[in-house]
Structures are given as C-alpha cells and as structure tokens.
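K.L.:
Attaching a single structure in structure tokens format; questions to follow.
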Amino acid sequence: MKLKHILLPMMACMALATSAQVDIQPAKAPEASRAEAEEMLFTYVPTDASVGTISTGSTTSFAYICLPAERTALYNGAKITKVRVVLGTFRSRPNFKINITKDCREDGYFEYQQDADVVSAEDSTTPVVYDIELDAPYTITGGEELYVGYQVATSSSSRPIVEGADTRLTITGTNDLYGYYSNNGAYIVNASGYANCIGLYIEGENLPANDIEILDGQLDNFGYPGADCALSAFIYNSGAQSLTAIDYEAVVSYGEAESQTLTGTFACDLGSCQTAELNMGLPVTADMAGDVDVVLTLTPSDSDDPTLSNNSWTGRFSVLAGTKQRTVLMEHFTTQACVNCPAADEVLEQVMEEVGDNVVWVSHHAGYETDFLTTQDDENYVWFYNGSTYAPAIMLDRTVLTSGSYTPVMFPSDAITVKSAINSALALPAIVELGAEASYDAASRTITFDITASPLATLSDREVRLNIYVMEDNIAGRQQSYDGTIDWTHNHVYRGNATGCWGTAIDLTKDYSGSFSYVIPDLTSGRYVYNKPEDMWACVFVSYFSTSNPAQCEVINTQRVPLDLPAGIESVAVDQAFKAVGDCGAIRVTGAKAPVEVYGIDGSLRAKSMAESISVPSGVYIVRCGNQAQKVNVK
C-alpha cells in the first residue's frame, strides 16, 4: 500500500453562529477525562430517541428526550437538578408536570413527577424558556435508558410545542440541540416539524470532561484533479467542559491500495453540550480516479474521549474523468391565461441574453389553467410543484433551489434572482457527456434520434433516465396580460416526447447509445397553426428519477438538438404583399411579382405558375415567390 501523509496548513472551524480561525498545534498527551463537581446542560437528543405526542383536541400531550443507556453509564451517580423546557405560544399551560421515566410509552408510570407553574402572559408571541428546579434531585443509574420531559393539557388553540425546523438552533440564542417530533398524535421517532425543546441540568463529580461526537458530515459528490473536495462535519460536545482544540485525521483511500492521510488541529470555542461545524478541503491529486473513500476521525487535543465509537464519519466522492461544460435545463410553466407571464418572459429573455449560452429553455403550458398548446405530459409535470400550482414558474435542472423546500419549482421574481440561480447551476460539473443527432423524414413526418451518453464519474445508485423532448417555436397565438388580450408568439413550446413522459431508463455504469423516433402530428389549420417541422427542435437530457419525490429527479446534463431538415423544407419567411391561400383543390395567389413555385412538404417541386389559381391535390404545401414563402393547407 502506498501511504501519503499531509499536514494541512490551515482550515476553518465554524460554530453555527460564529466563526473562528484555525491554529495548528502540536499533539498533546491525553489528560483525565472526568470533570470535578461540575454542572452541564444536556440538550442533545440521539437520532432515534426523541419521542412525544401532540393532539388537536382537548387532551394531554407528552414530550421527552432520552438519555440512552451508554450515556447514563457515563453519567452514573450524577444528579438531574433542573429541567429546561422551551414552550410555544399559547395563553395558559394547565396541569403542567415534569416527568422522569424509564419507559415513556407506559402511560401513567413515572420514576419522578413534579407539578410546575409555567403560566405566561396572555397572547405571548415569543416562545418562553423555563428552567424548572426539581424539588428533589434525581440520581442517574448507569446502564439504563432514561426519558425526561413533561406533560401538559392542550387544545386546538393551546399548543406547547415550539414550531419551526430551525427552533433547535435559534430559540434560546445558543447552539443548544433539541429533539424533534411531528404533529401526528402518536409516539414517534426522529421525525421533524415541531421542536421538542427540553434540556437537563446535570451535576456530578464524575461527568466526562470531554466527549465529542460527529453528528453528520457532508462531502462534495465530485472532485477535480488539482482542486479541493469540500468536507464538512457537524460536531457535538456532550462533555462537561469547553473544548478549545480538536485533532483531526482524514484518511483518503483510492485505487487498489493507495491512500493519503491528512492531519492537523483546529482551534475552536466549543462549549459543553454545544455544536460547531468543521470545514476543510481534501486535495484531489492527479493519481486519483473513480471512487474515493474518506474516513474523518476527531479527538479532543487536551484529554481522552470516553466514547470513541462516535468520533468517526465516512463518506465517498468520485473523481471526474474530464471537465465538460454543463448545460442547464430551464423548464418554464406558462399559459395564455396567465396575466403575469408576459412580464416573466421579459425577465427570462433578459437572463438568457446574459447567461443563456449553456441553458436550454423549455415551456410547459400548465400550472395555471390550460390552453391550446397544453399536452397531457405538461399536466403530468405539475407533479413537480409538490403542492399548489401557479404560473409563471421555472425549474432549473429539476433541482431544489431553496433550503428546506420540497419542490424544485420556483417563482422567477426578478432577473437577478434567476441569473444567480442559473449561474449556480452552471457551476456544477457535467458528470455525463451527451451526444445527439436528429434527422427528419418528410414523407412519414418522422424524426429519428441517435443518442450517446458517457459517464464522466460514478453516478449515484438511483435510477437514471434519458428524455427526448420535441419542441416548437414561432406559434402565433394570443396571451392575457395587464393590457388585456394581446397577440403573442409562443416559443420553445413542449410538443411531445420520444421517450415517454418520464423518459426511459438507461444504464450509465458504461457508455450508452440508442435510437428513438417521433412522428410529428399533422399540421393544424384554422386559427392556430403548429406542428411545423421547420420550427421544431429537440431537447435531450439525462436525469435521475423518482416515482415518489419531486426533489429527487435532478437533471444531470442537457443538449439542444436541431433537426436536420431536407432541402426545400426551410424556415418560412412571410411578406405581407404576397399571399397564398389554400382552397378546395387549388391555391389562390395574390401579390405575386414573380413566378410562383409550389413545393410539397417533402421538398419536391409540384407546380410553377404565374396564375392566380393553381390546381393541386389536397395536402400541405410551401408556396414560394422569389425569396418569400408561405405554408398553405389545400382541402
């Protein structure tokens, strides 16, 4: 095995509310891990140990946090002297009691119970923190699970639970961690939605002085040779004393038997039962390829840690085989009935002029009512809203853009916001290289697509799908606006899909190639004219796929593909002085200043004449006069 050892020169350690510079310190010998007669406020709830109930009717609700058996073993003989609760806004808190139990699911049995006065001012709008002193301190017995919490009478207008996913970080103005549970009226485990804010004041001479745990970690999915791969770790100190320095070791393994070891020490001010975020960069070297495994281990610099089993975190990233420019898919929800959509079009057009070289714009006529361009697929795609629909709206690579959101759909409020979101999407690496060609057979109105896709890195183990959208520009129609109904040209309109509404599954553990076809429906006639091959193009993209979660269908890469039309079928220019109109068995011509040529949709010349009426069979024709042309439908 080849081993490399790197001493990082500097890295950042950031508490959730503040940041601190990092000092590299020499390693020190461990000291005693027990504190002398100290008090600590324990607020951390392990992943699977926050429980509680809440009901909308008049009943009694319970909330607990848990000291797991391994934690009570560390605190054996120490005493719980006070209980901290953070309660939500309501007028009164009748029948409030502090409970201590070894089985919170056994109704009515408590190791300790105490009434508490927690009445606050009427119509309080700020959650209140209560530190309730126990009449008799409770002695912790090591090796047994222990639940501590409260019960309170509740009603639909009187809920004691603090709402909001960020409550655990902001409610007390500290970095305290509290447990969660949701409003489902039953005992639950590790759910989110309501914050179960409970803390325990613990006193004792045998409390662990230093005890750190990596709660979670994040690692970039992909790395480039010559650049750093970002690694973050979320750290909790459940010891009784503050920490000012923590040693770290990151072992980076790759290839068959190669590894690098990165070591260092960071300075921080991590108080008892507080949290901090560690950020560092892992160098990606030229000899790395494929998947790279990372093991991060943390230890207190000044003392030993009684529970080393929770001091490590493992992650993996993939090294990209090459750097390819990503193309972003912008899916736009709009309809003729949407009065706000013309203004949104102006915003999007402005952004596309500035950053649109590597963006493909697709419009779905759905989200707010429907119109003559709405397809069933468009209506299916409103699933991505994951709730109420509206227009205008956009998706960028079907990726959730707002932290905490459950939908990739966003409102295009202004050009600055949209441009910033597009630039963020463009900065991500292209992990698949796409190749696509499209040819058109006029006789059958069939587009044939030849597609290739090559992975540039190891993809997620989620299902991957290939999608081929058929698009159309220059569709004359109408549009609602603040000025009433106006004439409007609809562009980049979704018309259909050669791979089905949700695409087709492909294997990107290796290079992929495949052929697909799409038959363009007959040209429409009447008020609106569309399905014109000369105005069509294709959008090819590869995405992840989920049947249940709109936030897990992210697009990996996209390509705009023009149609290779045969000679004679070109974009049609119109001159108002020259007019050709289809009639029964004939074409009526006015304003012709040169011989008129009539072409079939396949590009073949069918007639040439200066007559005002040219007899032809029923069908669709391109009528040319000089460099002007019009399309006509003969019955």
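K.L.:
Would you confirm whether any residue within the range 404-413 is out of contact with any Leu (no Cβ under 8 Å at 6 or more places or on another chain), of a type in the set (A, V, I, L, M, F, W, C) and either modelled with pLDDT of 95 or more or open to solvent by 10 Å² or more (accessible area, probe 1.4 Å) (or both)?
P.N.:
Checked the range 404-413: at least one residue is out of contact with any Leu (no Cβ under 8 Å at 6 or more places or on another chain), of a type in the set (A, V, I, L, M, F, W, C) and either modelled with pLDDT of 95 or more or open to solvent by 10 Å² or more (accessible area, probe 1.4 Å) (or both).
K.L.:
Could I ask something else about it? Conditions first: (1) within 32 Å of the chain's Cα centre (by Cα); (2) open to solvent by 30 Å² or more (accessible area, probe 1.4 Å); (3) at pLDDT below 95. ALA443 passes all but one, so which condition is the exception?
P.N.:
So ALA443 meets the others, but not (1).
K.L.:
Considering TYR254, TYR236, TYR248, which residue is modelled with pLDDT of 90 or more and under 16 Å from ASN310 (Cβ atoms)?
P.N.:
Step by step, each of TYR254, TYR236, TYR248 is checked, and only TYR248 is modelled with pLDDT of 90 or more and under 16 Å from ASN310 (Cβ atoms).
K.L.:
Turning to a different aspect of this structure: So which residues in the range 425-435 are open to solvent by 60 Å² or more (accessible area, probe 1.4 Å) and of a type outside the set (A, V, I, L, M, F, W, C)?
P.N.:
GLU433
K.L.:
Taking the options LEU373, LEU396, LEU401, name whichever one is open to solvent by 60 Å² or more (accessible area, probe 1.4 Å), in contact with a strand residue (DSSP E or B) (Cβ under 7 Å, 6 or more places away or on another chain) and aliphatic (A, V, I, L, M).
P.N.:
Only one candidate passes the filter, namely LEU401.
K.L.:
Only residues that are within 30 Å of ARG84 (Cα to Cα) and open to solvent by less than 20 Å² (accessible area, probe 1.4 Å): list them for the range 268-296, please.
P.N.:
Listed by number, the residues that qualify are CYS268, LEU270, GLY271, CYS273, THR275, ALA276, LEU278.
K.L.:
Restricting attention to the range 378-393, report how many residues are closer than 20 Å to ILE556 by Cβ and open to solvent by 10 Å² or more (accessible area, probe 1.4 Å).
P.N.:
1
K.L.:
Check off (1) basic (Lys, Arg); (2) open to solvent by 60 Å² or more (accessible area, probe 1.4 Å); (3) over 30 Å from ASP293 (Cβ atoms) for ARG495 and give me the number that stays unchecked.
P.N.:
(2)
K.L.:
Which one is most open to solvent (accessible area, probe 1.4 Å), of the residues in the range 414-424 that are under 17 Å from TRP361 (Cα atoms) and among the β-branched types (Val, Ile, Thr)?
P.N.:
Among residues in the range 414-424 that are under 17 Å from TRP361 (Cα atoms) and among the β-branched types (Val, Ile, Thr), the one most open to solvent (accessible area, probe 1.4 Å) is THR417.
K.L.:
For the range 334-370, enumerate the residues that are of a type outside the set (Val, Ile, Thr), in a loop (DSSP other than H, G, I, E, B) and either touching a residue at least 60 places away in the same chain (Cβ under 8 Å) or open to solvent by 30 Å² or more (accessible area, probe 1.4 Å) (or both).
P.N.:
The answer is GLN336, ALA337, CYS338, ASN340, HIS365, TYR368, GLU369.
K.L.:
Something else: Output the residues belonging to the range 446-470 that are of a type in the set (Gly, Ala, Ser) and modelled with pLDDT of 95 or more.
P.N.:
ALA453
K.L.:
Those residues that are open to solvent by less than 30 Å² (accessible area, probe 1.4 Å) and without any contact (Cβ under 8 Å) to a residue 12 or more places away in the chain, I need them from the range 451-492; list them, please.
P.N.:
Scanning the range 451-492 gives a single hit, GLY484.
K.L.:
Can I ask one more? Hey, any hits in the range 499-518 for a residue that's under 14 Å from MET536 (Cα atoms), among the aliphatic types (A, V, I, L, M) and surrounded by 13 or more Cβ atoms within 10 Å (Cβ to Cβ)?
P.N.:
No, because not a single residue in the range 499-518 is under 14 Å from MET536 (Cα atoms), among the aliphatic types (A, V, I, L, M) and surrounded by 13 or more Cβ atoms within 10 Å (Cβ to Cβ).
The values are calculated or read from the model by the stated rules, or taken from the named source; none is laboratory data. Note that the structure is a prediction, hence the values are computed from the model and not measured. For neighbour counting, all protein chains shown are included, and Cβ atoms are generated from backbone atoms with ideal geometry for every residue, glycine included. Surface accessibility is based on the protein's heavy atoms, side chains included, excluding ligands, DNA and RNA. Shrake-Rupley method; radii C 1.70, N 1.55, O 1.52, S 1.80 Å.
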